[in-house]
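Peer 1: Let me begin by handing over the structure; questions about it come next.
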Amino acid sequence: MCGIAGYIGKKEAQNFLLDALKRLEYRGYDSAGVAVLSDDAILKCIKSVGKICVLEEKLNSNNLSGKSGIAHTRWATHGFPSEKNAHPHGDCKEEIFVVHNGIIENYKKLKEDLEKSGHKFCSETDTEVISHLIESHFKGNLEEAVLNSLVHIKGAYAIAVIAKYDPAKIVVAKKSSPLIIGIGVGENFIASDASAVIGYTDQIVYLEDDELGIITADDYHIISTISNNCVQREHCKIKQDASEIQKEGYEHFIFKEIFEGPEVVKNSFRGRIVDGEGLVKLGGLDVLNQDQIRNINRIIIIACGTANYAGRVGEYMLEEYAGIPVEVEIASEFRYRKPIIDAQTVVIAISQSGETADTLASVQEAKRKGALVLGIVNTVGSTIARETHAGVYNHAGPEISVASTKAFISQIVVLSLLTVYLGRTRDMSFVIGKRITDEIKKLPDLMTRVLKSSNEVEKLAKKYSNYRNFFFLGRKYNYPIACEGALKLKEVASLIHAEGYAGGEMKHGPIAMIDKNFPCFFIAPSDSVYEKMWSNIEEVKARDGKVIAIATEGNEDIKSLADDVIYIPKTLEMLTPLLTAIPLHLFAAYVGIELGLDIDKPRNLAKSVTVE
Ligand code: F6R
């Protein structure tokens, strides 16, 4: 996630660019920058670390005058958040500048080749190779140089490029990352999404994959980077106002974030699965050598709340497929007891914010005791990301809604990748590694199918919102999902009490509470524990309890027992949590709406818990 913007016209470019960056700040805010071309063809660039307000202050004292320019707000993927890693990135002579959203997968090789031919790099980013590639192809025509450069690039990109010696245009190109052109009168705009141009124009054009755009003040042209033919594209009229579109059309961030799930999963595994080999690459763990991985004798996962439940799914995956004993600890407990840790223990901290005080203190305690401490963190450059010895970023993008949904999904994806990463260095076979990674790649489509049943979940929320107590029951991989479903309902629909239980534990006490006023969610996909779940459903029905089942498509039998059924498609047992969590997240949000609550900011909560 990064945000890019561009302006070419008759006004001062800086004004639009700053405004656009503020609107795109949700896409990342660890550094930002602007490059503007002045009327006398001087190309100047200003960058800063931190939020857009820091860049704004810098621009107030270093005004960049000029009628065309590009800008960027960064969510770091390659290289620490710093001024030198901030975009725009220049070529050797700083006569060409590029802003980029995406990941260039083959940047290491390109960088080596460019360095051999004399190019000097000044950042650790993947993006800088694009500026130098364009420099190496530039013969006076910017679009030609960009076209010839794109041939060499593998990966995802939305780019905007500006050049001193072809000043009357901005060139843009896109593959897998979003980019729009805003059409004005005597001026044109470029942005990652339409939120940035609202109020400047209501006419936009979406650039499609493998297209290049040449934008001037009065016109624009789109050409296919595959056929080099011109592409005609209808303008779209944007209807939303600025405040709405920041939620990209959703009324609440929580819905936007739940519906982002398929994209989040793609971002979490992009560039990490080695196709056809059943292998996973996790660049952030390169510090571990193969012997260290083989010698791990125990993993302790530390996390709080939702992140802890993701950890529990990870526990089952890592034990079943990587053959490593795992314990999952609540961070606030771990930090105050006497954990037994030795040099072969690996501690993994999971945190969306990277700032949770209890998790951070546990990281420090584990380091003190000599453990190798890894992080699974969403927020780049956060304290936990910096404190851990090594780690894996989630790439879920900023999560705004206080209740964590998309970060939870991406934490489970990263744990499944970690399972293959560790397992394949130990005794996991090629066949199992391939089966898991092939299935991970199918998840975005499967999740989209589940999201299509959101209307049915909404109807269920209306039907059940008057009940005040719920049980959520699951076994094995879906026991943590039962806990997550209950936590989310308690949190988002904060007038309701809910408990998550292991299906088999119900009969040891809680079943005493069951009557017709106590609905139970049974998470019962067709997996190795399905028969056992069936028996637990029978037990509840025998006591007049209401049953809402989450079952696998094609399971018609369950309708004879459950009052309501939500279906998910079939996938590997270990990945079912990624599908079963979706209706539970949606249910909590829809019930919250029914109860008239502020579902993005539930009472008594904060997004990152930086106190004990
Ligand atoms: C629940 C929720 C919290 C967080 C917990 C840990 O929806 O959001 O339970 O999961 O506070 O936060 P992070 O992941 O930021 O460490």
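Peer 1: State yes or no: is Ser382 in contact with a Ser or Thr (Cβ under 7 Å, 6 or more places away or on another chain), among the polar types (S, T, N, Q), free of Cβ contacts under 8 Å to residues at least 60 places away in the same chain and under 15 Å from Ile302 (Cα atoms)? Explain how you work it out, then say what you get.
Peer 2: On the way: in contact with a Ser or Thr (Cβ under 7 Å, 6 or more places away or on another chain): yes; among the polar types (S, T, N, Q): yes; free of Cβ contacts under 8 Å to residues at least 60 places away in the same chain: yes; under 15 Å from Ile302 (Cα atoms): no.
So Ser382 does not fit the description; no.
Peer 1: Further, regarding this structure: Name the residue, out of Asp515, Asp527, that is part of a loop (DSSP other than H, G, I, E, B) and modelled with pLDDT of 95 or more. Walk me through it before giving the result.
Peer 2: Numbers: Asp515 fails: modelled with pLDDT of 95 or more.
So the residue among Asp515, Asp527 that is part of a loop (DSSP other than H, G, I, E, B) and modelled with pLDDT of 95 or more is Asp527.
Peer 1: Right, another one. Within the stretch 275-293, how many residues turn out to be of a type in the set (Val, Ile, Thr) and modelled with pLDDT under 95? Before you say what the answer is, go through the steps one by one.
Peer 2: Here is the first cut: in the stretch 275-293, the residues of a type in the set (Val, Ile, Thr) are 280, 287, 293.
Then drop every residue that is not modelled with pLDDT under 95, which leaves 287, 293.
Residues that pass the stated criteria total 2.
Peer 1: Of Ile254, Ile296, which residue is away from the ligand (no atom under 16 Å from the Cβ) and assigned by TED's automatic domain parsing to the domain that holds Leu417?
Peer 2: Step by step, each of Ile254, Ile296 is checked, and only Ile296 is away from the ligand (no atom under 16 Å from the Cβ) and assigned by TED's automatic domain parsing to the domain that holds Leu417.
Peer 1: Restrict the check to the stretch 313-329 and report whether at least one residue is free of Cβ contacts under 8 Å to residues at least 24 places away in the same chain, in a loop (DSSP other than H, G, I, E, B), assigned by TED's automatic domain parsing to the domain that holds Gly423 and not hydrophobic (A, V, I, L, M, F, W, C).
Peer 2: Kept after step one, since they are free of Cβ contacts under 8 Å to residues at least 24 places away in the same chain, are these residues of the stretch 313-329: 315, 319.
Checking which are in a loop (DSSP other than H, G, I, E, B) leaves us with none.
No.
Peer 1: Right, here's the next one. Please specify each residue of the stretch 59-78 satisfying the condition of being crowded, with 17+ Cβ neighbours inside 10 Å, within 17 Å of Val99 (Cβ to Cβ) and either of a type outside the set (A, V, I, L, M) or free of Cβ contacts under 8 Å to residues at least 12 places away in the same chain (or both).
Peer 2: Scanning the stretch 59-78 gives Gly66, Ser68, Gly69, His72, Thr73, Arg74, Trp75, Thr77.
Peer 1: A further question follows. For the stretch 27-41, name all the residues that are more than 20 Å from Ser382 (Cα to Cα) and in contact (Cβ under 8 Å) with a residue 24 or more places away in the chain.
Peer 2: Of all residues in the stretch 27-41, those more than 20 Å from Ser382 (Cα to Cα) come to 33-41.
The answer is Gly33, Val34, Ala35, Val36, Leu37, Ser38, Asp39, Ala41.
Peer 1: How about the stretch 79-116: which of its residues are more than 16 Å from Ile134 (Cβ to Cβ), touching a residue at least 12 places away in the same chain (Cβ under 8 Å) and of a type in the set (Asp, Glu)?
Peer 2: Passing the criteria: Glu83, Glu105.
Peer 1: Taking the options Leu415, Leu443, name whichever one is within 16 Å of the ligand (Cβ to nearest atom), assigned to a helix (DSSP H, G or I), modelled with pLDDT of 95 or more and touching a helix residue (DSSP H, G or I) at 6+ places or on another chain (Cβ under 8 Å). Break it down stepwise before answering.
Peer 2: On the way: Leu443 fails: within 16 Å of the ligand (Cβ to nearest atom).
After applying the criteria, what remains is Leu415.
Listed here are the residues, each with its yes/no results for (1) crowded, with 24+ Cβ neighbours inside 10 Å; (2) within 16 Å of the ligand (Cβ to nearest atom); (3) in a loop (DSSP other than H, G, I, E, B).
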| site | (1), (2), (3) |
| --- | --- |
| Thr359 | yes, yes, no |
| Val373 | yes, yes, no |
| Glu399 | yes, yes, yes |
| Gly423 | yes, no, no |
| Val431 | no, no, no |
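The values are calculated or read from the model by the stated rules, or taken from the named source; none is laboratory data. This is a predicted model, so every value here is computed, not measured. Neighbour counts run over all protein chains shown; Cβ positions are idealised from the backbone, glycine included.
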